[in-house]
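Notes to accompany the following structure.
Here, each number is a calculation from the coordinates, and none is a lab measurement. Note that the structure is predicted; figures quoted are calculated from it, not measured. So basically every Cβ, Gly included, is an ideal-geometry build from the backbone, and we count neighbours across all protein chains shown.
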Amino acid sequence: MARLKSVEELKKLRVEAQRDLMVRTQTGTRIIVGMGTCGIAAGAREVMQAILRELESRKIEAHVETVGCVGMCAQEPLVDIEQAGKARVRYANVTPENVPRLIEEHLIKGKVIQEWAIGRLDARKIQ
Amino acid sequence: MEELSLHILDALVNAVEAGASRMTVLVEEDTRADRLRIEITDNGRGMTQDMVAKVLDPFYTTRKTRHVGLGIPLFEAAARQCEGALTIRSEAGKGTELVATFRLSHVDRAPLGDMASTILAVLLSERQVDMEYVHRVDGRTFQFDSTEIRKELGTIPFSHPRVRNFILSFIREGEAELRQGSLKKKITGAIEGEVEGKEQSEWRG
């Protein structure tokens with residue numbers, strides 16, 4: 001019975017989600033969280049959860065993705081933010097407590113938080 | 001690591017990096033035998049026997065950016081300190097199977113933790129992957145399979161906020177139901193133990 005209920009829920013969800021899908025795919029914002037051993041041990045999974053919660057409470061459209069070790073293990077958790085047409089910025093030592101400011105300043109105000117950022121990749125080089 | 005689900009996440013990220021498109025996690029808790037067994041299988045590129053032997057060595061990694069690979073050795077240490085073991089079987093081109101065992105009631109055994117977040121983190125990988133999660137507690141079973149959800153969703157990606165929430169709450173509710181079943185037993189056990197202790201002290205007195 002529980003299973004049947006969840007399938008029905010999913011069908012309803014599909015119809016509703018389809019409506020705003022077009023808008024979402026065109027926003028082009030990606031948030032990438034490093035999820036290697038080093039990232040996990042430093043709390044990357046909790047950072048990912050904090051990001052998902054913050055995006056949802058502020059109704060921000062962004063694709064959150066996880067990747068393996070980025071290679072800067074001592075600086076984990078690492079979070080990259082990439083917005084269409086802008087440079088990709090890498091933030092280091094991100095904690096769940098840092099996430100609201102990160103979303104507020106970087107995504108909403110469009111300002112890079114200089115003291116937390118450790119790298120920037122030109123938009124053209126990512127392609 | 002503070003939770004076994006973090007070790008599981010680590011092993012699953014390894015599988016994704018090994019090109020796996022499907023992974024299975026089986027967690028079996030047997031309170032009567034006092035054992036916990038975690039089995040993780042994937043259909044990635046697998047390893048040669050040589051690599052399998054090396055993978056438990058913390059100073060071995062396939063990566064070029066650094067020279068240590070701590071994930072599997074940490075998982076093994078967690079199992080060994082709880083009267084358990086970790087074994088890996090793998091075949092190049094076919095996939096890998098990792099089994100970790102623990103004494104369920106061992107004082108050093110970390111809790112399983114937030115499996116819902118672990119599974120979501122894997123499903124949000126850059127590349128599309130699917131996974132099945134089966135959790136058994138004394139014969140009671142909770143099962144999750146992302147392929148079933150994908151089938152119902154059509155083109156809606158797992159990264160959609162509503163889908164993410166559906167996955168998290170589906171797994172959390174299922175785990176809570178499983179726990180409620182085993183919790184009842186634990187409470188009964190604790191009460192019985194207490195009564196036993198009391199009787200002993202009265203007898204001694």
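Can you put A:Asp122, B:Asp130 in order of Cβ neighbours within 10 angstrom, beginning with the fewest?
Least to most surrounded, the residues fall as A:Asp122, B:Asp130.
Add -39500 (n - 2.57) for each DSSP H run of 4 or more in chain A, then divide by its residues: what number comes out at 222 nm, to the nearest 500 deg cm²/dmol?
-13000 deg cm²/dmol
Check which residues have an amide H placed less than 5 Å from B:Ser125's amide H, if you skip close sequence neighbours.
When sequence neighbours closer than 5 places are left aside, the close amide H contacts are A:Thr66.
Pairs to check: A:Lys12/B:Lys151; A:Lys59/B:Lys151; B:Lys54/B:Lys94. Give those whose C-alpha atoms are more than 21 Å from each other in this structure.
Distance filter (> 21 Å) returns A:Lys59/B:Lys151.
Under a point spin-label approximation (7 Å from Cα along Cα-to-Cβ), what is the A:Ile118-A:Glu105 distance to one decimal in nm?
1.7
Rounded, prolate or oblate: which one fits region B:84-154, using the alpha carbon gyration tensor with axes a ≥ b ≥ c (rounded when a/c is under 1.5, else prolate when a/b beats b/c, else oblate)?
In terms of gyration-tensor shape, oblate.
Report the Rg/Rh value for chain A, based on alpha-carbon coordinates and the Kirkwood definition of Rh.
My calculation puts Rg/Rh at 1.03.
With Cβ to Cβ distances under 9 Å as the rule, what net charge do the other residues near B:Val137 carry (K, R +1; D, E -1)?
-1
Go through the cysteines of chain A and tell me which have no other cysteine Cβ under 4.7 Å away.
Within chain A, the cysteines lacking a partner Cβ under 4.7 Å are A:Cys69.
Would you list B:Arg37, B:Arg32 from fewest to most Cβ contacts within 10 Å?
B:Arg32, B:Arg37
Under the 0.36 nm per residue contour assumption, what length would be gained going from the current alpha-carbon distance of B:Thr141 and B:Gln180 to full extension?
Result for the pair: 12.8 nm of gain on full extension.
Could you give the Stokes-Einstein D for region B:116-157 in µm² per second, using the C-alpha Kirkwood radius, 4 °C, 1.567 mPa s?
113
For A:Val99, B:Val122, which order do you get if you count the other beta carbons within 10 Å of each Cβ and list the fewest first?
A:Val99, B:Val122
Can you pull out the trypsin sites (Lys or Arg not before Pro) in region B:72-118 whose DSSP state is coil and whose Cβ has at most 15 other Cβ atoms within 10 Å?
Counting only loop positions with at most 15 other Cβ atoms within 10 Å, the trypsin sites (Lys or Arg not before Pro) in region B:72-118 are B:Lys94.
Under 14 Å from the Cβ of B:Glu39, count the other residues' Cβ atoms, weight Lys and Arg +1, Asp and Glu -1, and hand me the total.
Result for the neighbourhood of B:Glu39: -2.
Add +1 for every Lys or Arg and -1 for every Asp or Glu among the other residues with Cβ under 12 Å from the Cβ of B:Thr101, and state the total.
Net local charge, B:Thr101 excluded: -2.
Using R₀ = 25 Å, calculate the FRET efficiency as 1/(1 + (r/R₀)^6) where r is the Cβ-Cβ separation of B:Met51 and B:Glu126; round to 0.05.
According to the calculation, E is roughly 0.60.
Testing the spin-label approximation: label points 7 Å from Cα along Cα→Cβ at B:Gln81 and A:Lys59. State their distance in nm.
If labels sit at B:Gln81 and A:Lys59, their model points lie 4.7 nm apart.
I'd like to know how region A:46-115 sits against the 2.2 N^0.38 Å rule of thumb: what's its Cα Rg over that expected value?
On the way: Rg = 11.6 Å, N = 70, 2.2 N^0.38 = 11.1 Å.
Dividing the Cα Rg of region A:46-115 by 2.2 N^0.38 Å gives 1.05.
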